[in-house]
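What follows is one structure encoded as structure tokens, with my remarks underneath.
The values are calculated or read from the model by the stated rules, or taken from the named source; none is laboratory data. Given the structure is predicted, the values throughout are model-derived calculations rather than measurements. All Cβ positions, even for glycine, are placed from backbone atoms using ideal geometry, and neighbour counts span all protein chains on display.
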Amino acid sequence: MCHSSPTTMILIVVVYSCVKTGVAMSEWTTEIEAKWQKRWYDAKINEAERDSRPKFMIIFAYPGLTGYLHVGHMRGYTYVDAIGRFMRMTGHNVMFPVGTHATGNGAISLARRVERGDQKTIEYLKNNGCTDEDLEKLKEPLSVVSFFNDVYIQQYWKRFGFLSDWRRFTSTVHPGYSKFIQWQFRKLHDKGLLFQKPYFAPACIECGPVAVDASETDLSKGGNAETTEYTLLKFKCEDYSLVAATVRPETVYGQTNFWVNPDVEYVKVKINDEIWVISPQSFEKMKLQKDGMELMGTIPGRELIGKMATAPVIHRDIPVLPAKFCKPEVGTGLVTSVPSDAPDDWMSIHILKNNDEMIQEYGLDPAMVKSIKAIPIIDTKGYGPLPAAELIEKMGITEAGDPRLDEAKKMIYKDGFHTGVMNLNCGPFAGMKVEEAKEKMKQMMLESGEADLFYDLSEEVICRCGQPVFIKKVPDQWFIDYANPEVTEQTKEHCKGMHILPADYYNNVQGVLDWFRERACVRQGNWLGTRFPYDDKWIIEAISDSTLYPVYYIISKYYSEGVIREDEMTEEFFDYVLLGKGDIKTVSENTKVDLDTLHNIREDVLYWYPLDLNLGGKEHMTVHFPAFLMNHAAILPKDMWPRGIFVNWYVTGKLGKISKSKGGAEPIPDAAGKFGVDSLRLYYAHIAVPFADVAWDEDAIVTYEARMERILRTIDSLKELKGTDLKDVDSWLISRMNTRIDTIRDCMYEYDIRGMANEVYFEALNDMRWYMRRGGRNKKTAQKALEIWVKMMAPITPHIAEEVWESLGHEDFVSIADYPEYDENDSDFGAEIAEEYLESVIDDIKEIMKVIDNQNAKIAEENPSATPKKPGTIYIYTTPMWKMKIQAMAKDMLGNMRLPALLRPAAVSREMMRSGNENDSILETAFDAGKKAASRMLAIPALTKAVMANNELKKRGKESADFARKLAEEFNKKSDVEIAKATLELNEYDYLKEAESFLASELGCDVKVYSADDSDAPDPQNKARASAPKRPAIYIDLV
RNA sequence: GCAAGGGUAGCCAAGCCUGGCCAACGGCGCAGGACUUAGGAUCCUGUCCUUAGUGGUCCGAGGGUUCAAAUCCCUUCCCUUGCACCA
């Protein structure tokens, strides 16, 4: 409890008398958390060693080490621990290892920020509990790694009571891990899955390669920039080429003129045997992408104006005209003009045509200028032949500098790209879709030498060091070939048999794998990680070194316990233990690893692998998971490919995603102390399905905390029961719990933690309370139910479960007890139906009472002095025998008629729709059969006939027939033979009679139960007539 | 742009795959009552409209399939998320 006043303290003393006295909830939980964690770890129940049990290996995708984690991260981790605990309790030998991903520049960047005393960073670290002493250490990247490794383990995972095997902990910068990664890359290389080709990547002039992404770990500005590919178009003009950059190469057929900014001093650059004219800014960038560029001199833009240049593809001479919208920092600072589809071009021509002064100033031929006419080239849906002109008019733009021109440009580009078709002016491309023509025309021009390519960032990007970031050519970049068709196919096929959650992702992963293509896998520069085995200058990139690693957890134990050293972890070593390659004696001689160890590791690998479940956040769906799957498929034998993937969504802040670097949520240890770990675990498990984001809301956690308290109080009350009588409600409770066990096991088979939590912490709690409310007082029943319940809780709220378990007199851990199992003998469907029946009777009575209240209110409105009528005695009349008889007949007739699902008309017609073949004869037959069967279901005449054949019932005439019809209708709506049977077996009169006093206390007035067959029963309003099976008639006598 | 997900009563959130015990689990909030000196504690009850336990309307909007639709199909509006050298 976060707000414990002195009085609440007193209450708690009373409430927790059986568990713990004298402390507030949060103090109490903190105390028991530490206590049980110590006991678990001392007893090593978390440690995983090979044995004869079936194994279960589960991990979460290890977190990147870039600082403190926040409460959101614990969501997925908690799922993993809870699933692991459940599996452990259902007879599995569970391995749940953890690690951290330190590859990358997160630690480096953090260390640098600490070193230079960055205020925001220091503040953030201190808010998370970092001391001044710690800060000193954090100036060195590897210390950052070890510092946070410790924080993650001690403050997060152990704090949450995870039964992780700590001996297996590894970090990606551990030497043993590096050895493993190098082995992995040698295997990829052997399989021909590594290759080199030039690559264009963002790089700082000073620091080398940097990552441009929104989190801006490498950057001080421009994290949202995107790489744009420009097609460079060369326009022959005298002895040089004017080079324009465009993102719309498909528009070359519409070129009418060329734009030059008169105020820019352009440069002449020699490249191969051509001379290009471009802006100086673009030259700086281009140098990084093209070899052998040489500055020859400069040329003022003004000087170019009025010349003629030969446009590519169309080979027409077009005039060079002045335009101020050509910015030297964008593209090449030179622009080709396509007024049909480019609003800027249209506007500038329009203005120039009407500005004689300007024409004169630049010495242009007025006739030539005025003769320029836009050439329609693309038919775009919703536009005429000249989209630019059309949109400008529609938007009412009249000036060259109008910012809406940009908006117009984007609109036309977007619409043109998706809906446009090249028209007859476009030579061989006429009739082709823009999407297609764009690529084809670009290729054509590249081949003919009329065009080239140039990459640029969409906005200014500045490195952390202050230098600009440009796109730089990396000539010998290594890639992993994830597009490899064979591996892709194998992986896709394997996924079909995997347990992938959510189901959407199960389907989508097929598409993701198709889409997954070559991926740059090494980088240079400031970076922690493993050296690339084939070339030391490269370091393996962060996604690529975290794909096969789960298998390394099996080995990491031997490494961290010093049984093997990194120099012994050779290619031969891994080949043997992971692939079974080679002869154990030879391997032992060569590696110096002793035979036993080699044998043990190999056996461990065979035992533990494949991985049963890999859980990760949704960001992994298109990044980590496909790589994880494909590396397994590429390197390991088929029987070691993973079995399951679980994708979880996020915990967001109220204003958006909680960010690791920006903070926004309270530190994990603080939350744990404030609410209690088990309350938090329950919160994660139950707040929503794992496949939806939830907003972090402390109020919500408080309610889960309150629920835990309520459960504890209920447990205390149950423990106090001393009775020996057995009532109906006793077998009801046991049966109920038994049903819950069944449901929970079904849930957990699908890793449905929320479903499980709902049963245990909500439904079962209601059962316990109902039991006591109904007068259940039996000590044995209570004890049995309690033991089941506490075991049920152990996966999600283990600390409290242990504490209660101990208070029940157990000396072992509930964490390794057997999870409750469904027991046929405990099942009492009749008892469950009976209690349901009782509840529905109460509901009906309350419904009537509500109506009475409403009526009283109405009367009071009209006549304030009237005395409101109050329920005096409630009369209940249970169904007469003859109706039961009809019910029995209906059950017999209809019970066996339940259609198999496939024959139901709706199912069949849906099948027909899906197959798209309405003539499918099999389906048609099924459809007919379904129809026929359905008509049989509505067997009203049949039932009526049967009823009338019975003399006794026939005597009642219409009354019997009416009831038969009603019943048949009812049955057709919701026929369940089991329920019908149980209903018939229930003696309603006896049952309600016994519950009379309970009903009276529930409803607050006298209750009298009669049978409708009892002719002596008082029935002033003749209600008894209306009674039916499971629906007794009710009369409330008002006083 | 590409790919995916979602819109459910005041709010949060189940259900949807496998149509029918769905006026729609549960929680919060709110209202009333009980217990109390008091309560932000706890326990009961209620919480779409109407109504002696019935009926009506309802699951973003509009169509359709079906004996039957929150659930299946189509159209449409709105929102969210991921997108590669970033972990």
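Listed values, structure above:
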| read-out | value |
| --- | --- |
| Criterion: surrounded by 24 or more Cβ atoms within 10 Å (Cβ to Cβ), under 47 Å from the mean Cα position of the chain (by Cα), at pLDDT below 90 and not polar (S, T, N, Q) - qualifying residue of A:Pro339, A:Pro343 | A:Pro343 |
| Of residues in region A:700-739 being under 41 Å from the mean Cα position of the chain (by Cα), surrounded by fewer than 17 Cβ atoms within 10 Å (Cβ to Cβ) and over 17 Å from A:Val804 (Cβ atoms), the one farthest from RNA strand B (Cβ to nearest atom) | A:Ala700 |
| Residue tally, condition crowded, with 19+ Cβ neighbours inside 10 Å and among the hydrophobic types (A, V, I, L, M, F, W, C), over region A:987-1024 | 7 |
| Subset of region A:427-436 [under 16 Å from A:Lys381 (Cα atoms) and exposed (fewer than 13 other Cβ atoms within 10 Å of the Cβ)] | A:Gly431 |
| Output for region A:470-505, where each listed residue is part of a helix (DSSP H, G or I), crowded, with 16+ Cβ neighbours inside 10 Å and not polar (S, T, N, Q) | A:Val487, A:Lys492, A:His494, A:Cys495, A:Tyr505 |
| Within region A:90-111, tally of residues that are modelled with pLDDT of 85 or more and assigned to a helix (DSSP H, G or I) | 4 |
| Single unsatisfied condition, A:Phe56 versus (1) in a helix (DSSP H, G or I); (2) crowded, with 19+ Cβ neighbours inside 10 Å; (3) modelled with pLDDT of 95 or more | (1) |
| Check on A:Glu303, assigned to a helix (DSSP H, G or I) and over 18 Å from A:Glu459 (Cβ atoms) | yes |
| Residue that is within 41 Å of the chain's Cα centre (by Cα), more than 13 Å from RNA strand B (Cβ to nearest atom) and not in a loop (DSSP other than H, G, I, E, B), where the choices are A:Ala389, A:Ala408 | A:Ala408 |
| Flag for A:Gly306 being crowded, with 19+ Cβ neighbours inside 10 Å, in contact with a strand residue (DSSP E or B) (Cβ under 7 Å, 6 or more places away or on another chain) and not polar (S, T, N, Q) | no |
| Residue ID - farthest from RNA strand B (Cβ to nearest atom), chosen from residues in region A:480-508 that are closer than 20 Å to A:Ser544 by Cβ and touching a residue at least 40 places away in the same chain (Cβ under 8 Å) | A:Gln490 |
| Residue check, A:Ala627 hydrophobic (A, V, I, L, M, F, W, C), touching a His at 6+ places or on another chain (Cβ under 8 Å) and either near RNA strand B (Cβ under 10 Å from one of its atoms) or over 29 Å from A:Gly72 (Cβ atoms) (or both) | no |
| Subset of region A:351-369 [loosely packed, with under 14 Cβ neighbours inside 10 Å, in a helix (DSSP H, G or I) and not aliphatic (A, V, I, L, M)] | A:Asp356, A:Glu357, A:Gln360, A:Glu361, A:Pro366 |
| Spans of strands (runs of 3 or more DSSP E) in region A:220-298 with at least 1 residues within 16 Å of RNA strand B (Cβ to nearest atom) and β-branched (Val, Ile, Thr) | A:227-237 |
| Selection status of A:Gly511, free of Cβ contacts under 8 Å to residues at least 24 places away in the same chain and outside any helix (DSSP H, G or I) | no |
| Any hit, region A:774-787, residues being within 12 Å of RNA strand B (Cβ to nearest atom) and either within 38 Å of the chain's Cα centre (by Cα) or of a type outside the set (Val, Ile, Thr) (or both) | yes |
| Number of positions in region A:559-606 that are out of contact with any Asp or Glu (no Cβ under 7 Å at 6 or more places or on another chain) and not in a helix (DSSP H, G or I) | 10 |
| Checklist (1) at pLDDT below 90; (2) in contact with a strand residue (DSSP E or B) (Cβ under 9 Å, 6 or more places away or on another chain) applied to A:Asn224, failing item | (2) |
| Helices (runs of 4 or more DSSP H) lying entirely in region A:699-775 (those with 2 or more residues that are touching a Cys at 6+ places or on another chain (Cβ under 6 Å)) | A:753-758 |
| Positions within region A:607-624 being among the hydrophobic types (A, V, I, L, M, F, W, C), outside any helix (DSSP H, G or I) and more than 10 Å from RNA strand B (Cβ to nearest atom), in sequence order | A:Leu611, A:Leu613, A:Leu615 |
| Region A:1001-1039 - residue that is free of Cβ contacts under 8 Å to residues at least 24 places away in the same chain and not in a loop (DSSP other than H, G, I, E, B) and, of those, nearest to RNA strand B (Cβ to nearest atom) | A:Ala1026 |
| Among the candidates A:Lys869, A:Lys858, residue that is within 13 Å of RNA strand B (Cβ to nearest atom), assigned to a loop (DSSP other than H, G, I, E, B) and modelled with pLDDT under 80 | A:Lys869 |
| Residue in region A:437-453 that is surrounded by 15 or more Cβ atoms within 10 Å (Cβ to Cβ), assigned to a strand (DSSP E or B), out of contact with any Lys or Arg (no Cβ under 6 Å at 6 or more places or on another chain) and basic (Lys, Arg) present | no |
| Residue tally, condition among the aliphatic types (A, V, I, L, M), in contact (Cβ under 8 Å) with a residue 24 or more places away in the chain and either more than 15 Å from RNA strand B (Cβ to nearest atom) or in contact with a Gly (Cβ under 6 Å, 6 or more places away or on another chain) (or both), over region A:189-219 | 1 |
| Region A:513-535, residues that are surrounded by 17 or more Cβ atoms within 10 Å (Cβ to Cβ) and of a type in the set (A, V, I, L, M, F, W, C) | A:Leu513, A:Phe516, A:Ala520, A:Cys521, A:Val522, A:Trp527, A:Leu528, A:Phe532 |
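Each row is one residue, and each column tells you yes or no for (1) touching a residue at least 12 places away in the same chain (Cβ under 8 Å); (2) in a helix (DSSP H, G or I); (3) surrounded by 14 or more Cβ atoms within 10 Å (Cβ to Cβ).
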{"site": "A:Glu802", "(1), (2), (3)": "yes, yes, yes"}
{"site": "A:Gly809", "(1), (2), (3)": "no, no, no"}
{"site": "A:Pro820", "(1), (2), (3)": "yes, no, yes"}
{"site": "A:Glu839", "(1), (2), (3)": "no, yes, no"}
{"site": "A:Lys846", "(1), (2), (3)": "yes, yes, no"}
{"site": "A:Lys850", "(1), (2), (3)": "no, yes, no"}
